[in-house]
Structure formats: structure tokens, C-alpha cells
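First the structure, in the form of C-alpha cells, and then the observations on it.
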Amino acid sequence: MVETVQGGESTRFTVLGLLAIADRRETAVLQPSKPATLLAALLVRPNSVVSVEALQRAIWGEETPATAKAALHSCVLRLRRLFAKYGVSGSTIEALPGGYRMAADAATLDLLEFRELLGRADRAADCEAELPLLRSALTLWQPPVLGNVHSDALHHEEVPRLAEEWLRTAERIYDIELALGHCREVLAELWSVARSHPVHERFWEQLIEALYRTGRRAEALAEYRRVRDHLLDELGVDPGPALQRLQIAVLRGEPLPDGTSAAGLRRAAPIGRGLAFDPGPDSAPATDPVTSTTAGSATGELVLASLVQAGLLAEGPPGHYRMHELLQAFTRAASGSWARAPVESRTTRTSGSADGAPALRQSAAPLRTTEV
């Protein structure tokens, strides 16, 4: 637990944006330095022992000097002096066998507050209760993530991991908004997020779906052409199966499913929303792993949709599918039991991204830089 000496106010560290130390009076953004890199490396793995080797790689890269061990200890001492300056009490950086550990909780580190909000959202009774918690979690992000930390190792290894948490959370938010029928309300957000993530196809699916559902069919097709051209020009690949199926549905003017209803979205979300699929005459009813009741054709369609999207099934005539050899091998091994619904571990839709960032408590007073 990190506390301040004065007034019992909590001192807060931030990593979902610029690395900083904040309290209710001011926010001190740390200038790039070796101690700042050390602090960031510890905070992105809070309450875990980070090895000396990993810390040295974060600070010096692959060319670690012979004096690295002594220099690392010096960085720890400088950080402890900085903590004393800001009233941070207690043994916040612990030296343990093999490495160091930074103590933190949801009150003192924005990353842990973000994950706590995601946990509360995961336990929410319904999507309507889940949505505000997820949106509160995303307000903790302010780009660029660790923009004042000069470390190739952290930006290649840790920042993408945080970005994935942001992406999953944003996807989940828009899945819920679309399921609740808020297509017009989220269009402006989807325009922005799709353009800022030009190769993240799920955001384009959501944008195209929102446009189509609000009667803007021509714009929906234009957005498909935009993402298709970008993928071809930049990566030399076509859009994925889900985007292609969505484009076909829009071209034909076919009604999209009202979706995964808000009530059913909680279990559908890990698979993902998509177009309706015919489960076929041979598909068995799926069993819901949470309620242990028959989920029916809707769940069967979602299972089939996910298998098609993964490339394990290819659609043929209505009600028929061609199995990939990998799935054939699995079905033989499982004695034909593939149609049973998998027991999913609930995937928290979180993501950190270069576009998300921490609201370091927007009420915190003046922002300034400080040296370590």
C-alpha cells in the first residue's frame, strides 16, 4: 500500500499514459531517465517480483554494462528519495531474491484500478450495469502509454500487452452498445476508433454494422472498401471472413440479426458477434456451461460462426459445412462430441492501446515534470 504522509491522501502512480506520480494537489510527470524506466518496469508488473535481468534489459537493452548491478541499486535509492519527496511511505520497492517488487493496489496505481473495474464489470448482473463500469475503466487511459519512458524492451514487450487490454475493453463496450440498439449514439466513436486502428478489423465490423443498421447502406459499403484497400495496400491481405460476410449481407440488403440480444451477449461476447448461421441438421443443441441448460439454436449458431471465422469450417450448401482437417482430427478423437459448447473462461474485454490512456484523476491539480 502506497500512502502519503500528509493528510492521509493517497499518492497515485500512473502508467496508462505518461509515467507520473499524482496526488490531489499536483501531478508530477517523470522526465526520461534510468530510474523512471526502472519504476515503469516495476509498475507494469505490480506486486510481482521482476527479475534483475528483466530490469537491466528494460534500462540498458541487450548491451548491459558490467556495472549494471550497482547502477540498478543506485536507481532504486534515487526512486526511494523521490517517494520520500512526495510523501510515499512504507517499503514500496522491495528487494527480494532474484529481483525487486513494487507494492501497489487499485487506489495507488491506475492499471490496477482499471483491472478492478473490469472485474466488477465481469460480475455485473447485466449488460446495462456492465457498460458504465467498462466506460469508467477506459477513462483511465490517456495516450501515449509510457510516452516519457525511453525503453525499447518495455515498448516492445509490455506496452503491446497493455494495448491488448484496452482493445478488448473497447470491443466489449461497442458490442454492448450495438446489442442495446445504440447504433446512432456510438457512430462518432466508431468512426474515430476504426480510423485510429486501421488494421483492427473488429472495429470496422462494428462501424459498418452501426451504419447499416441506421439506414446508411452506401456509407457502410464505402467503409468496407476503405478498410479493404488499406489492408491490401499496407499488408497485401484481404479482409477476414467476418468482414467479407458482413459486406455480402449489406450488398444483398439482408437483415442482420438483432444481434446478440443484450440479455444473451454476456456469453456470446467471448466468441464475438456476427451474422446468423444455420446450425445445420446434424448440429446438437449446445449446453450453457454457466447455467447447465440447453442454450438452443442461438448458441449453436454462435459456435458455428466462431468455427467458420477461425477457418475450421467452410460454408457449403445451406445446412452443410466442410471441415478443416484439423477439426476432422479433433472430431475423430472426441468421438463426434465437437458440437458441445466449450466451457469458456470469461475473457475480460480489456485492452490498453496507444490510443487509450489514463485519466490520472482529471481533478488532480497542476501538471509538471520532475527529475528523478
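Observations on the structure shown:
- Every pair of different Cα atoms in the stretch 146-210 enters the Kirkwood calculation, which places the hydrodynamic radius at 13.0 Å.
- Burial ranking of peptide ranges 60-72, 222-234 (average Cβ count within 10 Å, highest at the top): 222-234, 60-72
- Amide N of the stretch 135-176 lying under 18 Å from the label point, which is placed 7 angstrom from the Cα of residue 256 along Cα→Cβ: 170-176
- With the convex hull of the Cα atoms taken as the outline of the stretch 6-45, the averaged projected area works out to 3.2 nm².
Bear in mind that the values in this text are calculations on the coordinates, not laboratory data. Computed from a prediction, not measured in an experiment: that's the story for all the values here. Virtual Cβ from ideal backbone geometry, glycine too; neighbours counted across all protein chains shown.
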